[in-house]
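A quick write-up on the structure given underneath.
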Amino acid sequence: MSLNKSVTITSAEGHEYVLGFSSFDSMVLPDSITKKIIEVVIAIEDYKGINNAKTLFALTKHIKSYLAKNDVILYSYCDNKDIERGKRHRHLTPQEYRSLLFQTMFNKYNSEEFINKPIELTDANNEKHYIHLFARVESIEQLEVASNELYKLNK
């Protein structure tokens, strides 16, 4: 069974998201991580305006469904592409805001079965990068090993 999958989600505002799951080259991670690492990417072609919570819920629902069917660790990197932010969040970088959205959407619609592990890294240029790891609760040890290895990439 292929772990690669793509789902299209259309928001009430008419924005079309593509939620993609694909194998992730995890060369930086140790062999002790036996779970497959799958990259999850949320892409949108033409983003204008702010979406509602239903869109976040739909994305979360698909992520959790994928995890329920596949015993893997999901990896998601929050990109720097510009994103509309309300007054309360204009001070956040696009990457930081996306990370906050991931945390909010996963925590708000969380179940006891899944974990969202946000990771903030700083590179040699003092720029921050935001990553999220998602997994089933029973994969907590593997998730922690992966998280600790990623933290070693800090400047």
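Rule-based calculations on the coordinates, nothing more; no lab input. Computed from a predicted structure; not experimentally measured. Cβ: placed from backbone, ideal geometry, glycine included. Neighbour counts: every protein chain shown.
For the stretch 84-155, with only Lys/Arg (+1) and Asp/Glu (-1) charged at the beta-carbon, what is the dipole magnitude about the Cα centre, in debye rounded to 20? Intermediate results must be reported in sequence, preceding the final value.
Details: 11 positive and 11 negative charges, 109 e Å.
It comes to approximately 520 debye.
When a footprinting reagent is the concern and you count Cβ atoms within 10 Å, what order do Tyr151, Tyr130, Tyr109 take, fewest first? Before the final figure, lay out the partial values.
Values: Tyr151 11, Tyr130 23, Tyr109 16.
The order, fewest Cβ neighbours first, is Tyr151, Tyr109, Tyr130.
So, in nm, how far is label Glu39 from label Lys61 when the simple model puts each one 7 Å beyond its Cα toward the Cβ?
Rounded to a tenth, the inter-label distance reads 2.8 nm.
Would you mind ranking Ile131, Ile44 so that the residue whose beta carbon has the fewest other beta carbons within 10 Å leads the list? Could you put the intermediate results ahead of the total?
On the way: Ile131 20, Ile44 16.
Sorted ascending by nearby Cβ count, the order is Ile44, Ile131.
Among Asn52, Thr93, His62, whose Cα lies farthest out toward the positive end of the dipole of the stretch 1-150, if unit charges sit on the beta carbon of Lys, Arg (+1) and Asp, Glu (-1)?
It is Asn52, whose Cα lies furthest towards the positive end.
May I ask you to derive the relative contact order of the stretch 5-151, considering only C-alpha pairs under 8 Å and at least 6 residues apart, and to give it as an integer percent? Before the final figure, lay out the partial values.
Numbers: 225 pairs, mean separation 33.5, N = 147.
23 percent.
Where does the longest stretch of the chain lie that holds no GluC sites (Glu not before Pro) found in a DSSP loop with 16 or fewer other Cβ atoms within 10 Å?
Numbers: sites that count: Glu13, Glu45, Glu84, Glu112, Glu113, Glu127.
In the chain, the maximal stretch lacking such sites is 46-83.
So which of Lys5/Lys128; Lys5/Lys35; Lys61/Lys117; Lys117/Lys152; Lys61/Lys87 end up more than 19 Å apart by C-alpha?
Values: Lys5/Lys128 29 Å; Lys5/Lys35 17 Å; Lys61/Lys117 17 Å; Lys117/Lys152 16 Å; Lys61/Lys87 27 Å.
Lys5/Lys128; Lys61/Lys87, as the Cα separations exceed 19 Å there.
Roughly what would the spin-label model give for Thr10 and Ser111, points 7 Å off Cα along C-beta, in nm?
With each label placed 7 Å out from Cα toward Cβ, I get 2.7 nm.
Dipole size in debye (nearest 20) for the chain around its Cα centre, Lys and Arg Cβ +1, Asp and Glu Cβ -1? Intermediate results must be reported in sequence, preceding the final value.
Numbers: 20 positive and 21 negative charges, 102 e Å.
My answer is approximately 480 debye.
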